[in-house]
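What follows draws every value from the coordinates through simple rules; no lab data is involved. All of these numbers come straight from a predicted model, not from anything done at the bench. Ideal geometry is used to build each Cβ from the backbone, glycine not excepted, and the neighbour counts take in all protein chains shown.
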Amino acid sequence: MDEAGPVLTISAFGEGDLAEAGAIACRQWQGEIPALPDALAVRLYDYLVRYYHHRESPFNFAARDASGKLAGFLLASPPVPDAGRGAETWIAARLQREEERAFHRDYFRYLEHNRLAELQDARPAGELILLLFFSIRKGTGRALLAELERRSRESGIVSWLLWTDETCDFDYYDRHGFTEVRRFPGAELAGKRFLTYLFRKEL
């Protein structure tokens, strides 16, 4: 998850960060979804960031390097049962062919399956869902988690919960104080079921 380079500033992640966050997520993760049409990839990862961006949450952070480029971001929120609905309107206007719409329907089902499983395990109070976490510079992930922990403690948050799957560096969470809660097969995506993991960290 972390590669190389310093992080100088961490600030609130806002609407102006969405497109850049989607673009770097696409560059990093595009090859992890089988049969993803190249023409759809940028829009799909832009959608992914929007799906997980809860604008009212005070736990969304952007990390920028000395040049001002986005080096990572972290989106977190208390459990929200109807999250992600605004992103559907955004992408519906950008799906041009039926095969793109069909692929997006599968992708939405995949995200919803894992999100709803996560909500089943979420604690009703004092817990944040770590929704989307990404870094491309060494040390950025640690800095984002440190900022999230500082804000969490100030707000009375006592634990975090997240889901990830086998395509990601899920060992990262073992190395950073998270404990596996359970694992399960995700919804089918492009003819494949990815093993999904839930992790929790006690603060």
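Before moving on, here are some points about what is shown:
- One compactness figure for segment 9-202 is 0.98, namely its Cα radius of gyration divided by 2.2 N^0.38 Å.
- Ellipticity at 222 nm from helices only: DSSP H runs of n ≥ 4 in the chain, each -39500 (n - 2.57), divided by the residue count, give -12500 deg cm²/dmol.
- Kyte-Doolittle at least 0.0, axis length at least 20 Å by Cα - qualifying DSSP helices, the chain: 38-52
- Taken about its Cα centre, segment 155-198 carries a charge dipole of about 140 debye when Lys and Arg each add +1 at the Cβ and Asp and Glu each add -1 at the Cβ.
- Values of log10 I(q)/I(0), in the order q = 0.16, 0.19, 0.24 Å⁻¹, for segment 118-203 under a Debye, Cα-only, solvent-free model: -0.67, -0.91, -1.28
- A dipole drawn for the chain from +1 and -1 charges on Cβ atoms has a positive end, and of S77, L36, P185 the residue lying farthest that way is S77.
- Our summary gives the chain a relative contact order of 25 percent, counting only alpha carbon pairs under 8 angstrom and 6 or more residues apart.
- Charge context of L74, other residues only, Cβ under 12 angstrom, K/R +1, D/E -1: -1
- When +1 charges are put on Lys and Arg Cβ atoms and -1 charges on Asp and Glu Cβ atoms, the dipole computed for segment 5-127 relative to its Cα centre reaches about 140 debye.
- Alpha carbon centroid spacing (whole Å) that separates segment 87-117 from segment 129-149: 26
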